[in-house]
C-alpha cells in the first residue's frame, strides 16, 4: 500500500540539511513508496544543487514535489500519512493541529552519528503526542537506521567512466601517476601543512574544488595561471557547484576526497576512495566527540585518525600530513572494505519503511 | 512548564494527561545533533513504566503535587485509610503504597507524607527511618555480634527481611525505608 510523505527541512546553513533530505525524498520517490513532498524554507542553498528552483515556490522533479515552506504556513495543507521532521526542526503549528486526522506516524530524522548513545535512542517513542512520534537515527551499526544508499547506486558506479566526467568539466584527464583530490571543506588553517605534504609526494597533484568556502582558505596560497591555480607541483581547478549526481561522479573520479557535512561524508564512504571528513565546527568542540566516535568505530588506520583530528582542530603539522600521504595504499584498502560494509548493510530507506510498517 | 533538559529524577510531569514521575534522565548532545533527553517514567496512578526521548528544548508540563502529613488509621479492604490532623480520611490503594506497604501495621504512629493529585491520594511516603518489632527470627548465632552474618526475620507487619544474626524475636529494629535495609537494634 502506498502512502503520502511530507519531509520538512529547515535549512540552518550550508548544504548538509538540504543535501540529506533531498537525497531521501528522491529515493523514497524512486522506490515508488508514495507521493513525496519536500518542504524547504530556504531555496537559495537548495538552488545551488537544483538551479531550477530560481524564482519559483513550487517545483516537481524526479517524483518529488518541492514546496517552499514559508514563515506563514498555508492553513489548508493536508498532512501526509508519514511526516518526517528533519533534524529536529519545528513543524508549523497549523500543520501539527491537522496531523491527527491524516498522519499515521511522525518521525524526527536526526543527524548521522557513530556515538554509542545513538543506539539507545534510535526508534524510541517521543513524548506524548496526538500522533505517534519516534526518533530515527541514521548510523553505522545494526541498532541504528543506516545510511542512504540508492537502489541503483552500484549499477551507476559500475557503469561510470571518469573520463566522461573530466571531459564535461573541461579538465585534463589525470596522467597515469597523478594524485587527484576533490576538496569540499570549510575554511581551515590545516591546508598549509596539507599542501606542503602534498608538494613532497613526488607525483603530480591536482585539486578539484567546487566553488564555495574551501576556496577561501586555498586560493590565497595559490598563484593564478591561465586555466588553473598553482602551488609548487599542485594544480587547482575550480568546478561549479553541482547536482548530487554529478558530485558523486567527482568523488568516483578522484583518488582522495575531502568532504564535509553529512551528505557528502556518506557519499565519500560509498565511493570507496580514501577521504577526509571536515566536520562542521561546534561550540566547546562538541564536533570532535562525533568525529572520534566515527574514527574509532570505523577503525581507520592510525595515520588517518591522527590526520583527521589535527585537520579538524586546525593545528595540522607537516609530519602528520606527510604520514597520511605515505600510507595511501593502506588507506585505500580500508576505504574499500568500509565501502563494502556500508553497501551491504541495510540502507536507511529500507529500514525506514520496515520501521514504519512495524508501527502502523 | 520546564524544558526536557531541566527535568530531574523525582520531578512529576503530565504525560498523556497522566501524572508520571521521572525516574531517570539521560542528556545527549554532540556535533550538530539536536540535544536529546532520554527519560524513564512511571505512572503515579497505575505504576506503569515507559521510556521516551524528547528534544532537549521541548516543553513539558510539570506538576506540583499537594502533600499532607497524615497517620495510618486502618485497613478497609482493599484500601488503606490515612488521616490528617483535622481528622479527614483518605483512601489509598495498596499498589500505590509501593514499598511502604511492607511497614504498615495497626497502631503505627509514624508521620507519613500523603501525596495528592486532583485531590485524590495517590501515594504515601514513610519517614526515612521506621522502627518495627521482629515477630520471628531464627535463634541468634552464638558469639556473632559483628552484624555481617544475616538471617531472615519476619516483622510484625508480616514483611520478611534480612537482619544481622544477633537480632532476636521481640527486638525492635530501625529500618531505612529508602533501601529497605536494617539499620540498628533499638531498645
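Overview of values
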{"item": "Hits in segment A:127-152 (condition: at pLDDT below 95 and at the interface with chain B (Cβ under 7 Å from one of its Cβ atoms))", "result": "A:127, A:128"}
{"item": "Residue A:277 being within 14 Å of chain B (Cβ to nearest Cβ) and either touching a residue at least 40 places away in the same chain (Cβ under 8 Å) or in contact with a helix residue (DSSP H, G or I) (Cβ under 7 Å, 6 or more places away or on another chain) (or both)", "result": "yes"}
{"item": "Residue list for segment B:16-28, restricted to those being surrounded by fewer than 19 Cβ atoms within 10 Å (Cβ to Cβ) and over 23 Å from residue B:115 (Cα atoms)", "result": "B:26, B:27"}
{"item": "So residue A:311, is it in contact with a strand residue (DSSP E or B) (Cβ under 7 Å, 6 or more places away or on another chain), within 14 Å of another protein chain (Cβ to nearest Cβ) and at pLDDT 95 or above", "result": "no"}
{"item": "Search result, residues across segment A:262-289 that are part of a helix (DSSP H, G or I) and modelled with pLDDT under 90", "result": "A:283, A:284, A:285, A:286"}
{"item": "Subset of segment A:158-193 [farther than 23 Å from residue A:231 by Cβ and crowded, with 17+ Cβ neighbours inside 10 Å]", "result": "A:165"}
{"item": "Some residue of segment A:296-312 being under 22 Å from residue A:149 (Cβ atoms) and either part of a strand (DSSP E or B) or touching a residue at least 60 places away in the same chain (Cβ under 8 Å) (or both)", "result": "yes"}
{"item": "Residue within segment B:48-67 that is more than 21 Å from residue A:133 (Cα to Cα) and in a strand (DSSP E or B) present", "result": "yes"}
{"item": "Qualifying residue in segment A:50-58 (condition: under 23 Å from residue B:55 (Cβ atoms) and surrounded by 15 or more Cβ atoms within 10 Å (Cβ to Cβ))", "result": "no"}
{"item": "Subset of segment A:113-125 [within 15 Å of residue A:84 (Cα to Cα) and either touching a residue at least 24 places away in the same chain (Cβ under 8 Å) or buried (at least 20 other Cβ atoms within 10 Å of the Cβ) (or both)]", "result": "A:122, A:123"}
{"item": "Those residues of segment A:239-263 which are away from chain B (no Cβ under 14 Å) and buried (at least 20 other Cβ atoms within 10 Å of the Cβ), in sequence order", "result": "A:247, A:248, A:249, A:250, A:251, A:252, A:253, A:254, A:256, A:257, A:258, A:259"}
{"item": "Qualifying residue in segment A:97-112 (condition: more than 25 Å from the chain's Cα centre (by Cα) and either facing chain B (nearest Cβ under 10 Å) or in contact (Cβ under 8 Å) with a residue 40 or more places away in the chain (or both))", "result": "yes"}
{"item": "Answer from B:112, B:70 - the residue that is away from every other protein chain (no Cβ under 14 Å), crowded, with 20+ Cβ neighbours inside 10 Å, touching a residue at least 12 places away in the same chain (Cβ under 8 Å) and touching a helix residue (DSSP H, G or I) at 6+ places or on another chain (Cβ under 8 Å)", "result": "B:112"}
{"item": "Among the residues listed as B:6, B:58, the single one being more than 14 Å from chain A (Cβ to nearest Cβ) and closer than 24 Å to residue A:90 by Cα", "result": "B:6"}
{"item": "Residue count for segment B:36-55, restricted to those that are farther than 18 Å from residue B:98 by Cα and more than 9 Å from chain A (Cβ to nearest Cβ)", "result": "2"}
{"item": "Residue check, residue A:227 in a strand (DSSP E or B) and either crowded, with 21+ Cβ neighbours inside 10 Å or modelled with pLDDT under 95 (or both)", "result": "no"}
{"item": "Where residue A:42 falls short, out of the listed (1) touching a helix residue (DSSP H, G or I) at 6+ places or on another chain (Cβ under 8 Å); (2) at pLDDT 95 or above", "result": "(2)"}
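The values are calculated or read from the model by the stated rules, or taken from the named source; none is laboratory data. Quick caveat, the model's predicted, so the values are computed rather than measured. Glycine also receives a Cβ, built like all others from the backbone with ideal geometry; neighbour counts cover every protein chain displayed.
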